[in-house]
Amino acid sequence: MSITVKDVSKRFGEFLALDQLSLEVPSGALLALLGPSGSGKTTLLRIIAGLEIQDSGTVLYQDEDVTGARVRDRNVGFVFQHYALFRHMSVFENIAFGLRVRHWSRARVKERVHELLRLIQLEGLEHSLPSQLSGGQRQRVALARALAVQPKVLLLDEPFGALDAKVRQELRQWLRRLHEEIHVTSVFVTHDQEEAFEVADRVVIMNQGRIEQAGTPQEIFEQPANPFVMDFLGNVNVFHGRVQDGRADLGGFNVEYPEYTERESRAATAFVRSHELDIQRVRNGRPALQANVVHINPARTVVKVRLHAEEFGVWLNVDLGWERYNELQLRAGESVFVLPRRMRVFVQDYQI
Amino acid sequence: MRIALVAFTILVMGVLIVIPLVNVFYQALAGGGGVYWRNLVADADTRHSIYLTLIVAPLAVAANVVFGVAAAWAIARFRFPGRTLLTAFIDLPFAVSPVVVGLFLVLIFGLQGFLGPWLRAHDIKVIFAIPGLVLATAFVTFPVVARELIPVMEAIGADEEVAAVSLGARGWQMFSRVTLPNIKWGLLYGIILCNARAMGEFGAVAVVSGRISGQTDTMPLRVEKLFQEYNMPGAFAVASVLASLAVVTLLVKTGLEWKTRSDLAAAARETARGKT
């Protein structure tokens with residue numbers, strides 16, 4: 001079941017949470033709404049669910065307009081950020097809730113709940129109370145409860161927000177596999193880009209109630225649509241400078257920039273991801289920035305090197321592969337050259 | 001300093017509460033168990049007063065449970081214009097003298113009152129009748145249930161209710177399956193407290209009842225009447241029933257208070273854990 005959101009706006013008092021936003025979620029997709037807090041992603045999710053009513057615009061499930069439909073009639077599965085399990089009910093009763101209010105027969109309820117307990121791998125815990133479960137187990141119960149009624153769409157609000165790093169990692173992969181198994185159209189909200197990129201097959205980046213970019217994780221990572229996306233994705237070095245006559249002069253890097261050939265110079269910002277910078281001991285004729293190694297921090301898969309280019313007052317973060325690092329034998333305090341392998345230049349709109 | 005404060009408190013409690021309470025039972029039972037029993041059941045008017053209290057108090061409590069849950073829900077779950085005012089108004093009956101409450105009711109429902117002609121035309125009796133007693137009692141005990149429930153509902157939060165609705169529950173299903181089980185101890189506590197206040201209500205009831213023996217006298221009114229008639233054993237016998245009720249209420253209340261407090265603490269822990 002696909003979801004279509006058309007021109008939806010929502011205001012909370014003075015605050016414009018969603019601004020004429022439109023979005024298409026293809027049937028069977030697992031889509032992440034990614035953005036900083038206050039970007040409107042949770043509001044959008046709640047409007048899709050019917051927990052919040054938009055001021056204007058429409059929401060469609062497939063071709064059915066559900067704009068005015070109440071939550072309980074929309075048949076959505078909603079997983080709340082803090083699980084919202086019924087504290088006085090056992091795991092079994094929690095999962096059975098949606099079936100009981102639909103007056104399923106006792107035998108069918110039992111069968112369906114056991115099916116779900118198997119799915120979430122919590123067989124044997126059906127008589128426990130939520131307070132006796134770990135965070136990860138609770139999250140899975142919340143998911144099973146939402147899935148019990150075979151919802152048309154599954155909506156998850158920061159599903160892993162309240163869990164510690166290791167459990168988070170496991171649950172992400174588990175959710176990914178689960179989605180491959182059941183293929184229900186799913187939307188989840190997160191502010192963690194790693195999570196969005198790892199779990200979702202489509203990512204929507206939101207900011208100030210609008211969509212900045214939507215696409216596959218690869219599309220967004222390879223072709224960020226604008227400076228916001230680039231900056232939000234993080235792990236980037238930012239250089240400010242100007243473009244003119246097909247060249248860009250950006251904080252020490254003087255590179256070709258054929259996209260802008262005007263005589264008149266314009267302000268521009270360049271983004272270079274940490275792993276797109278290389279370090280060399282000698283200048284080899286390509287644009288390079290002289291910098292001092294300040295700090296070396298060996299991380300799991302890369303070595304994070306922090307440098308300072310005194311001449312331009314620029315700090316640089318470079319991620320080197322271990323192999324390259326071992327080759328270079330870097331020491332703190334050394335003077336080296338930093339070269340960009342790839343730069344993304346965004347020319348600012350002309351402003352007076 | 002500490003010893004002095006404790007001693008002072010115990011002294012005041014003893015003189016003002018414990019000694020009178022013990023004295024009530026002592027006086028009531030002074031003539032022996034048989035006399036005590038006869039004092040309670042032999043007099044038709046006394047019997048009727050007990051019966052009337054057993055009718056009026058539960059009705060008033062029932063009315064306040066409905067109102068209390070509705071008001072607590074509105075205040076704990078919604079933000080609406082006038083919410084603060086409503087919260088303040090709930091406490092009004094505690095602030096106003098019960099006698100004034102009784103007069104209010106007479107002014108509205110009495111024969112010369114605002115609704116008097118209409119009530120007379122439809123042959124409905126409120127003042128000097130059971131409806132008046134129930135109204136007066138309910139009005140005076142009006143804040144008890146709501147006051148108990150508001151903090152409980154606020155501590156528990158709306159998440160589970162929203163979850164229930166998202167799972168397809170109708171309003172009543174949500175209330176009976178999710179809200180009620182979560183607030184049951186607080187509600188029970190409110191009911192016990194409300195019942196104790198309702199049974200003991202004197203001032204407002206005295207005004208609206210007209211104090212007709214064998215017809216509109218509740219237990220507290222009966223105690224006073226017997227006392228005025230110098231029937232000390234009779235007065236103390238009825239008073240002892242009211243006092244026993246108070247002691248039972250106190251015990252149940254302490255038990256429930258302990259239970260609700262641990263529930264509230266658990267709810268707070270739960271919330272804290274969920275948010276970290």
Can you spot a residue in segment B:226-237 that is under 22 Å from B:ALA138 (Cβ atoms) and either open to solvent by less than 20 Å² (accessible area, probe 1.4 Å) or not in a helix (DSSP H, G or I) (or both)? no
Go over the candidates A:GLU276, A:GLU259 one by one and state the one that is loosely packed, with under 12 Cβ neighbours inside 10 Å, under 28 Å from A:ILE220 (Cβ atoms) and touching a residue at least 60 places away in the same chain (Cβ under 8 Å). A:GLU259
Kindly establish whether A:VAL113 is more than 13 Å from every other protein chain (Cβ to nearest Cβ) and either assigned to a helix (DSSP H, G or I) or loosely packed, with under 13 Cβ neighbours inside 10 Å (or both). yes
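Let me confirm something: among B:LYS259, B:LYS184, which residue is within 18 Å of the chain's Cα centre (by Cα) and either on the phi < 0 side of the Ramachandran plot or open to solvent by 20 Å² or more (accessible area, probe 1.4 Å) (or both)?
B:LYS184
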Output the residue which, of all residues in segment A:90-102 that are open to solvent by less than 50 Å² (accessible area, probe 1.4 Å) and within 8 Å of chain B (Cβ to nearest Cβ), is farthest from the chain's Cα centre (by Cα). A:VAL101
Quick check: is even one residue across segment B:68-83 modelled with pLDDT of 90 or more and touching a Cys at 6+ places or on another chain (Cβ under 9 Å)? yes
Does segment A:283-320 hold any residues that are among the β-branched types (Val, Ile, Thr) and assigned to a strand (DSSP E or B), and which are they? A:VAL293, A:VAL294, A:ILE296, A:VAL302, A:VAL303, A:VAL305, A:VAL314, A:VAL318
If A:PHE253 satisfies all but one of (1) more than 13 Å from A:MET343 (Cα to Cα); (2) touching a Pro at 6+ places or on another chain (Cβ under 8 Å), what's the number of the condition it fails? (1)
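Name the residue, out of B:LEU52, B:LEU103, that is within 29 Å of B:ALA239 (Cβ to Cβ) and in contact with a helix residue (DSSP H, G or I) (Cβ under 7 Å, 6 or more places away or on another chain). First the steps, then the outcome.
On the way: B:LEU52 fails: in contact with a helix residue (DSSP H, G or I) (Cβ under 7 Å, 6 or more places away or on another chain).
Answer to the check: B:LEU103.
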Would you confirm whether or not segment A:27-40 contains a residue that is touching a residue at least 40 places away in the same chain (Cβ under 8 Å), of a type in the set (Ser, Thr, Tyr) and touching a Gly at 6+ places or on another chain (Cβ under 8 Å)? yes
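Every residue, every condition in (1) open to solvent by less than 20 Å² (accessible area, probe 1.4 Å); (2) within 20 Å of A:MET206 (Cβ to Cβ); (3) modelled with pLDDT of 90 or more; (4) of a type in the set (D, E, K, R), yes or no:
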{"residue": "A:VAL5", "(1), (2), (3), (4)": "yes, yes, yes, no"}
{"residue": "A:ASP19", "(1), (2), (3), (4)": "no, yes, yes, yes"}
{"residue": "A:ALA29", "(1), (2), (3), (4)": "yes, yes, yes, no"}
{"residue": "A:LEU34", "(1), (2), (3), (4)": "yes, yes, yes, no"}
{"residue": "A:ASP55", "(1), (2), (3), (4)": "no, yes, yes, yes"}
{"residue": "A:VAL71", "(1), (2), (3), (4)": "yes, no, no, no"}
{"residue": "A:PHE78", "(1), (2), (3), (4)": "yes, yes, yes, no"}
Criterion: open to solvent by 10 Å² or more (accessible area, probe 1.4 Å) and either among the hydrophobic types (A, V, I, L, M, F, W, C) or closer than 13 Å to B:VAL56 by Cβ (or both) - qualifying residue of B:VAL140, B:VAL152: B:VAL152
The number of residues in segment A:33-89 that are in a strand (DSSP E or B) and either within 14 Å of chain B (Cβ to nearest Cβ) or closer than 20 Å to A:ARG102 by Cβ (or both) is 8
Residue check, B:ALA121 under 30 Å from A:LEU99 (Cα atoms) and open to solvent by 20 Å² or more (accessible area, probe 1.4 Å): no
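Listed here are the residues, each with its yes/no results for (1) in contact (Cβ under 8 Å) with a residue 60 or more places away in the chain; (2) among the acidic types (Asp, Glu).
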position	(1), (2)
A:GLN193	yes, no
A:ASP201	yes, yes
A:GLN208	yes, no
A:ILE220	no, no
A:PRO224	yes, no
A:ASN237	yes, no
What is the number of the single condition among (1) part of a strand (DSSP E or B); (2) in contact (Cβ under 8 Å) with a residue 40 or more places away in the chain that A:GLU24 does not meet? (2)
Unique residue being within 17 Å of the chain's Cα centre (by Cα) and within 14 Å of chain B (Cβ to nearest Cβ) when the list is A:ALA142, A:ALA146, A:ALA165: A:ALA165
Just wondering, is there one or more residues in segment B:79-86 that are open to solvent by less than 30 Å² (accessible area, probe 1.4 Å) and either within 21 Å of B:LEU193 (Cα to Cα) or more than 14 Å from chain A (Cβ to nearest Cβ) (or both)? no
Being on the phi > 0 side of the Ramachandran plot and either touching a helix residue (DSSP H, G or I) at 6+ places or on another chain (Cβ under 6 Å) or modelled with pLDDT of 85 or more (or both): is that true of A:GLN213 here? no
Number of the exception - B:GLY32 against (1) open to solvent by 90 Å² or more (accessible area, probe 1.4 Å); (2) at positive phi; (3) not charged (D, E, K, R): (1)
Pair list, Cβ < 7 Å and 6+ apart or interchain, from segment B:169-194 residues that are within 10 Å of chain A (Cβ to nearest Cβ) and under 22 Å from A:LEU51 (Cα atoms) to residues that are open to solvent by less than 50 Å² (accessible area, probe 1.4 Å) and among the aromatic types (Phe, Trp, Tyr): B:VAL178/A:PHE86
Among the numbered criteria (1) touching a helix residue (DSSP H, G or I) at 6+ places or on another chain (Cβ under 6 Å); (2) more than 30 Å from B:LEU52 (Cα to Cα); (3) open to solvent by 70 Å² or more (accessible area, probe 1.4 Å), which single criterion is violated by B:ASP159? (1)
Do we have any residue at all in segment B:4-17 that's surrounded by 11 or more Cβ atoms within 10 Å (Cβ to Cβ) and in contact with a Pro (Cβ under 6 Å, 6 or more places away or on another chain)? no
Within segment A:159-180, can you find the residues that are in contact (Cβ under 8 Å) with a residue 40 or more places away in the chain and open to solvent by 20 Å² or more (accessible area, probe 1.4 Å)? A:GLY161, A:ALA162, A:ARG176
Residue among A:VAL338, A:VAL305, A:VAL293 that alone is open to solvent by less than 20 Å² (accessible area, probe 1.4 Å) and free of Cβ contacts under 8 Å to residues at least 40 places away in the same chain: A:VAL305
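The values are calculated or read from the model by the stated rules, or taken from the named source; none is laboratory data. It should be emphasised that the depicted structure is a prediction, and the values quoted were computed from it without experimental measurement. In this analysis, Cβ positions are derived from the backbone assuming ideal geometry, glycine residues included, and neighbour counts consider all displayed protein chains. Just the protein is used for accessible areas: all its heavy atoms, side chains included, with ligands, DNA and RNA removed. Shrake-Rupley method; radii C 1.70, N 1.55, O 1.52, S 1.80 Å.
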